[in-house]
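Before any comments, here is the structure.
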Amino acid sequence: FGSSLAHSAERPPRDARRPVDSSPEMAAGSGVCVAVPPRADMAAITAERRFINDDACGDWVLPIGQTGLEFQAVNALSAMCFLAAGAPLAWRSETTPIARAYGLMMCGVAFGSFSFHATTSLSGFMIDIAPMATTAALMLFRATHALQADAGHFGPQAESRRYFVAIVSALVAVYVPWVMMAFGVSHSTVWGVWAFLFGSMGAAFGVVAVIVFFNEGLLQQAAGRDLVVAIASIVLGLGCSVHSFLPGLCEGWRAALPLHAVWHVFSSVSANRCGRVLNNLTKICDRLEHRAQHEDPVDGTKKHKGASLLVRLFKRDFLPSQFSM
């Protein structure tokens with residue numbers, strides 16, 4: 001009996017063996033202590049959830065509670081300009097199906113851009129660029145179609161090829177920025193790479209549209225004016241958003257103006273005009289295919305393969321040549 005008393009006296013009381021919870025956070029009703037990281041660690045964790053670049057330069061930025069996220073007021077509200085750009089394209093009765101789909105997706109761009117600027121989160125950035133890549137894929141799809149139609153390539157195989165070009169381009173444009181963020185590349189660099197990939201798709205569409213419209217004699221008409229407005233607007237808008245992917249430019253007068261919101265205004269104008277150009281380019285492709293199939297109704301899969309459209313334009317001195325100097 002005495003031995004048992006001595007043994008129990010050596011053991012600490014049950015409450016003494018239990019860890020003392022020094023924090024207010026404890027799993028309710030479980031009695032299990034929860035480790036809470038220090039405030040500095042919490043700040044680092046919440047900062048990792050944010051896409052950090054200079055989009056908010058000159059904007060009215062509001063913190064979202066203790067999440068570490070931020071609400072960019074002017075940028076978020078100006079994102080609705082894309083809704084105004086896409087809705088008319090989706091509602092117009094004379095709009096072709098692909099231009100209507102482009103308009104609907106442009107409305108999605110509005111909500112994606114709003115989601116990003118209303119949170120500045122990494123997930124918001126991905127939600128922002130995904131619908132933008134989709135709209136660019138639709139334009140690239142039709143640009144490829146125009147080149148195929150001019151070269152006399154029709155049928156299911158040609159259609160599969162342009163689907164492949166459009167889908168793979170959109171996938172690369174979204175996946176590459178995600179991989180870069182996963183490997184810790186600076187967000188400004190990620191934004192710059194994304195802008196290059198997305199801009200390359202739009203530039204390809206613009207070049208094809210200029211060549212086709214010139215060949216069809218449409219540059220002096222309303223279709224050509226839409227193309228000019230689209231190009232001019234995107235160039236002006238890009239000048240207002242250089243600070244987003246070139247760090248260190250958010251100072252002086254730039255820090256006093258919400259220039260990224262101005263980018264939204266210009267790029268939404270360009271997006272609307274690109275939708276109209278897409279609509280006209282679709283009608284041209286339909287005419288080219290109808291013309292070729294009418295000439296050879298038996299086999300319309302590959303009517304002819306002469307000189308490419310670009311080569312023919314060189315011969316017509318549409319582009320400058322060193323031999324004409």
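The values are calculated or read from the model by the stated rules, or taken from the named source; none is laboratory data. Just so it is clear, the model here is predicted, and its values are computed rather than measured. Neighbour counts are summed over all protein chains in view; Cβ atoms, including those assigned to glycine, are modelled from backbone coordinates with ideal geometry. The protein model used for the area step is the full one, side chains on, heavy atoms only, and it has no ligands, DNA or RNA in it. Shrake-Rupley method; radii C 1.70, N 1.55, O 1.52, S 1.80 Å.
One residue alone among F196, F213 is within 20 Å of the chain's Cα centre (by Cα) and either open to solvent by 60 Å² or more (accessible area, probe 1.4 Å) or at negative phi (or both), and that residue is F196.
Within the range 111-132, does at least one residue satisfy the condition of being out of contact with any helix residue (DSSP H, G or I) (no Cβ under 9 Å at 6 or more places or on another chain), open to solvent by 20 Å² or more (accessible area, probe 1.4 Å), free of Cβ contacts under 8 Å to residues at least 24 places away in the same chain and not hydrophobic (A, V, I, L, M, F, W, C)? No. So for the range 169-177 (the condition being over 15 Å from the mean Cα position of the chain (by Cα) and closer than 30 Å to L122 by Cα), does at least one residue qualify? Taking every residue of the range 169-177 in turn, none turns out to be over 15 Å from the mean Cα position of the chain (by Cα) and closer than 30 Å to L122 by Cα. The residue pairs whose first member lies in the range 35-63 and is surrounded by fewer than 18 Cβ atoms within 10 Å (Cβ to Cβ) and part of a loop (DSSP other than H, G, I, E, B), whose second member is modelled with pLDDT of 85 or more and of a type in the set (A, V, I, L, M, F, W, C), and whose beta carbons are closer than 7 Å, counting only pairs six or more residues apart or on different chains, are R49/L69; R49/L122; W60/A73; W60/V74.
Note on the range 283-300: among residues that are at pLDDT 50 or above and either assigned to a strand (DSSP E or B) or in contact with a helix residue (DSSP H, G or I) (Cβ under 8 Å, 6 or more places away or on another chain) (or both), the one that is most open to solvent (accessible area, probe 1.4 Å) is E289.
Among the conditions (1) of a type in the set (D, E); (2) open to solvent by 40 Å² or more (accessible area, probe 1.4 Å); (3) touching a residue at least 60 places away in the same chain (Cβ under 8 Å), the only one that E70 does not satisfy is (3). Within 21 Å of A110 (Cα to Cα), surrounded by fewer than 17 Cβ atoms within 10 Å (Cβ to Cβ) and touching a helix residue (DSSP H, G or I) at 6+ places or on another chain (Cβ under 9 Å): does that describe L246? Answer is no for this residue.
I'm trying to understand the selection: among the residues of the range 133-162, which are of a type in the set (A, V, I, L, M, F, W, C) and either open to solvent by less than 30 Å² (accessible area, probe 1.4 Å) or free of Cβ contacts under 8 Å to residues at least 40 places away in the same chain (or both)? Answer for the range 133-162, where residues must be of a type in the set (A, V, I, L, M, F, W, C) and either open to solvent by less than 30 Å² (accessible area, probe 1.4 Å) or free of Cβ contacts under 8 Å to residues at least 40 places away in the same chain (or both): A133, A136, A137, M139, L140, F141, A143, A146, A149, F154, A158.
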